[in-house]
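Every number in this text was worked out from the coordinates using simple rules, so none of it is lab data. No experiment lies behind these values; they were computed from the predicted model shown. When we count neighbours, we look across all protein chains shown, and the Cβ atoms used for this are built from the backbone with ideal geometry, even at glycine.
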Amino acid sequence: MAKPEVVLITKADCHLCADARDAVERVTSALGLGWTEQQVDELPELREQYAEEIPVVLVNGVQRDFWKIDEARLERVLQRALGH
């Protein structure tokens with residue numbers, strides 16, 4: 001089974017984004033997964049889509065959480081994606 005793609009969408013000067021980075025890193029590291037970050041400041045299409053919800057976590061292209069990242073929920077989503 002392919003590893004899930006985890007993307008954190010952030011913006012500059014965002015204290016919630018810093019917390020989200022830490023949460024995503026903790027969860028993905030524990031599961032042996034990587035993740036990427038995309039900033040809405042660099043991608044106008046993301047800014048339009050997620051303007052009021054930053055930070056946002058996507059798993060395999062599906063929005064799974066926003067604002068305050070729930071680590072337990074993210075872990076459950078990733079476990080399911082891994083087939084566990």
For Cα pairs less than 8 Å apart in space and 6+ apart in sequence, what is the mean separation divided by the residue count of the chain, i.e. the relative contact order in percent? 40 percent
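Which whole number of Å³ per residue matches the convex hull of the alpha-carbon atoms in region 6-81?
Given the Cα convex hull of region 6-81, per-residue volume reads 75 Å³.
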Using helices alone, what [θ] at 222 nm do you get for the chain, with -39,500 (n - 2.57) per DSSP H run of 4 or more residues, divided over all residues and rounded to the nearest 500? -12500 deg cm²/dmol
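Treat every Asp and Glu Cβ in region 6-81 as -1 and every Lys and Arg Cβ as +1, leave all other atoms uncharged, and give the resulting dipole magnitude about the Cα centre to the nearest 20 debye. Working shown, then result.
On the way: 9 positive and 15 negative charges, 78 e Å.
The calculated dipole for region 6-81 is roughly 380 debye.
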With Cα atoms, 0 to 90° folded angle of helix 15-30 axis to the chain main axis: 20 degrees
Quick check on packing: order 70-76, 18-24 by the mean number of other C-beta atoms within 10 Å, highest mean leading. 18-24, 70-76
In the chain the DSSP beta bridges are antiparallel at a rate, in percent to nearest 5, of 65 percent
Return the sequence-ordered ³J(HN,Hα) values of region 40-53 in whole Hz as given by the Karplus equation 6.51 cos²θ - 1.76 cosθ + 1.60 applied to θ = phi - 60°, using x for Gly and Pro. 5, 5, 9, 10, x, 5, 6, 4, 5, 6, 10, 3, 9, 10
Round to the nearest 10 and give me the degree value, 0 to 90, for the angle of helix 71-81's Cα axis relative to the longest principal axis of the chain. 60 degrees
Row for region 1-46, column shape: gyration tensor on C-alpha, a ≥ b ≥ c, rounded if a/c < 1.5 i.e. under 1.5, prolate if a/b over b/c, else oblate; value oblate
